[in-house]
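Each value in this text was obtained by applying a stated rule to the coordinates, not by laboratory testing. These numbers were taken from a predicted model, which means no experiment stands behind them. Counting neighbours? That spans all protein chains shown, and the Cβs are built from the backbone with ideal geometry, glycine included.
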Amino acid sequence: MTRITQGVAILVLVGMTAVLLWRASRASRLSEGPPPAGASALVARIQHGEQVYNVHCRTCHGVEGVGGFGPSLAGLERKFADEVILDRIRFGAARMPGFDAHLSPEELGDLLAYVKSL
Ligand code: HEC
């Protein structure tokens, strides 16, 4: 190997190392501070609640709770306490069937988190 090719090879190696180091430090900076565990757990519950909603509630309350046969569910959290909403879902009302027999406690809780997010 001539001196020139040796020199070029060393330069290339140094350059590649610098790029790798830069990318590694950037990656570690990006992964710093993961979102708080509580927040991502809530997002997961809301996503599951949406699936439950789409199966049992969407036909009457519309896509994302905009309303239809049943009233809009937007801003529910400001109108009712959690217990009132849960009671309505479990036991129904005049024209709304109750879902107590169809939903597990987990599904019920996740559904509550979803409808409160609307
Ligand atoms: C067969 C249609 C129907 C289905 C299915 C249905 N609802 Fe309802 N819902 C209604 C109607 C109609 C009302 C208005 C009260 C009444 O007339 O009984 C209502 C009222 C409500 C209310 C009270 C809203 C308010 O502002 O008073 C909530 C909360 C609610 N429904 C949630 C749900 C959820 C969550 C599901 C799914 C588990 C669901 N509903 C499934 C028809 C339905």
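Some observations on this one:
- Note, ³J(HN,Hα) from phi for segment 87-99, Karplus 6.51, -1.76, 1.60, rounded to Hz, x at Gly and Pro: 4, 4, 5, 6, 10, x, 8, 3, 9, 10, x, x, 10
- Sparsely packed trypsin sites (Lys or Arg not before Pro) within segment 64-117, loop by DSSP, other Cβ within 10 Å at most 16: ARG95
- Cleavage-rule hits, chymotrypsin sites (Phe, Trp or Tyr not before Pro), segment 50-118, DSSP coil, Cβ neighbours within 10 Å at most 11: PHE69
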